[in-house]
Amino acid sequence: MTTIAPRVFSGVQPTGNLHLGNYLGAIRRFVPLQDQYDCLYCVVDLHAITVWQDPAELARNIREVTAAYLASGIDPRRSIVFNQSQVSAHAELAWIFNCVARLGWLNRMTQFKEKAGKDRENVSVGLYDYPVLMAADILAYRATHVPVGEDQKQHLELTRDIAQKFNVDFGPRIAELGLGDAFFPLAEPLIQGPAPRVMSLRDGSKKMSKSDPSDNSRITLTDDADAISSKIRKAKTDSEALPSEVAGLDGRPEAENLVTIFAALSGIERADVLKDFGGGNFSTFKSALADLAVAKMGPIGAEMKRLMADEAHIDGVLRDGAERANAIAEPVMRDVKAIVGFIGSR
Ligand code: AMP
Ligand code: TRP
């Protein structure tokens, strides 16, 4: 067995409205991984354009995601922070994987079905192909661990299927070139954590999302204290008191979501949150949650705004990151091209 060195890769789309779900489900979890792994944190701008993006807004949003990474504690000297479009391996490997992945596999992707909705004939081909590009992101660095929110689980399964089929289809050739017995790792999703799926504040059955038309459905990372408090105050609840035990949250998605957010922000278990607030009414709980959210998220938003005012610094971080990312992906791409049988690459 060849062993592939552990490496973390994850990405966030620069599509605006970065929110508490992105933070708790993904970005915050990227930070401690830096102590244990070599990490790449990407701003996936090629993914963003699968739906229309105004060019000036896109540029702003790329800097905003970068600022969110840095403000949350990602250290660009230790980790590689960059935007996807600046490393050509992503698009190149996606093409090769387009010829490995099967149409039937993509037809099963639930996120495409949700995003395309009834207007299937009119969405971009890129939106359909999105998960193949995601596999290329991860495998261009032969990354082994991928921290993401729960909604990305199916895409990670597809990534493993693509890696596996490539390894098998080209098995003899990989061996012949002395590249071991499996060229690509089967990357593991890292989904555990206190809030893998943060729900909308307006509807506990929908996930908190950048594209929800209601701004009150999400707390964005740049909301100020007043906005955070007001959104929590307006959050939908039911008419019962809070339960004293976690089991009492069953069938009460809005209550469950707010308790989960409280637990994730405070670092205590949901059971302990309910020990403090069980039996009480929502207004007391909401005001404690608002204070907590302002204390935890306020400084991150302020730091993001400070960083975004210095475009030259952000752009410098991205440029340096792209250079280091390229240095890892280029030799991988040379091997991939040789494996496939393209001449001229090695
Ligand atoms: P996206 O905004 O789609 O680029 O997502 C970036 C990261 O945030 C991914 O790892 C998602 O799984 C995660 N994420 C997005 N929405 C949520 C949510 N409501 N709850 C938890 N994680 C989320
Ligand atoms: N599809 C992910 C999302 O929307 C973003 C993403 C793109 C990603 N490429 C990735 C996440 C590679 C992890 C690894 O949330």
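Structure notes:
- Annotation note: of 174, 162, the sole residue that is more than 16 Å from ligand 2 (Cβ to nearest atom), in a helix (DSSP H, G or I) and out of contact with any Asp or Glu (no Cβ under 6 Å at 6 or more places or on another chain) is 174.
- The residue that is surrounded by the fewest Cβ atoms within 10 Å (Cβ to Cβ), counting only those in region 237-269 that are under 20 Å from residue 23 (Cα atoms) and among the hydroxyl-bearing types (Ser, Thr, Tyr), is 266.
- Just one of the numbered conditions (1) buried (at least 19 other Cβ atoms within 10 Å of the Cβ); (2) over 20 Å from the mean Cα position of the chain (by Cα) is not true of residue 196: (2).
- Some residue of region 86-101 being exposed (fewer than 12 other Cβ atoms within 10 Å of the Cβ) and modelled with pLDDT of 95 or more: yes
- The set of residues from region 24-40 being touching a helix residue (DSSP H, G or I) at 6+ places or on another chain (Cβ under 7 Å) and either farther than 25 Å from residue 293 by Cα or away from ligand 2 (no atom under 13 Å from the Cβ) (or both) comprises 24, 28, 31, 39, 40.
- Qualifying position, being surrounded by 14 or more Cβ atoms within 10 Å (Cβ to Cβ), within 23 Å of residue 191 (Cα to Cα) and away from ligand 2 (no atom under 12 Å from the Cβ), among 157, 150: 157
- For region 1-20, a tally of residues being away from ligand 1 (no atom under 12 Å from the Cβ) and buried (at least 18 other Cβ atoms within 10 Å of the Cβ) returns 2.
- Annotation: of all residues in region 112-143 being outside any helix (DSSP H, G or I) and surrounded by fewer than 19 Cβ atoms within 10 Å (Cβ to Cβ), the one that is farthest from ligand 1 (Cβ to nearest atom) is 118.
- Test: residue in region 137-156 that is without any contact (Cβ under 8 Å) to a residue 12 or more places away in the chain and out of contact with any helix residue (DSSP H, G or I) (no Cβ under 7 Å at 6 or more places or on another chain): no
- Among the residues making up region 21-55, those that are more than 8 Å from ligand 1 (Cβ to nearest atom), over 20 Å from residue 94 (Cβ atoms), part of a helix (DSSP H, G or I) and of a type outside the set (Phe, Trp, Tyr) are 28, 29, 31, 32, 33, 55.
- Within region 3-31, the residues that satisfy the criterion of being closer than 21 Å to residue 83 by Cβ and of a type in the set (A, V, I, L, M) are 8, 12, 18, 26, 27, 31.
- Flag for residue 179 being modelled with pLDDT of 95 or more, part of a helix (DSSP H, G or I) and either on the phi > 0 side of the Ramachandran plot or among the hydrophobic types (A, V, I, L, M, F, W, C) (or both): no
- Whichever residue in region 207-236 is part of a loop (DSSP other than H, G, I, E, B) and more than 16 Å from ligand 2 (Cβ to nearest atom) and, among such residues, is surrounded by the most Cβ atoms within 10 Å (Cβ to Cβ): 219
- Among the residues of region 269-289, those that are under 25 Å from the mean Cα position of the chain (by Cα) and part of a helix (DSSP H, G or I) comprise 270, 289.
- Residue within region 113-133 that is within 15 Å of ligand 2 (Cβ to nearest atom), without any contact (Cβ under 8 Å) to a residue 60 or more places away in the chain and aromatic (Phe, Trp, Tyr) present: yes
The values are calculated or read from the model by the stated rules, or taken from the named source; none is laboratory data. Nothing here was measured: the structure is a model prediction, and the numbers come from that model. Heads up, the Cβs are rebuilt from the backbone with ideal geometry, glycines too, and the neighbour counts pull from every protein chain shown.
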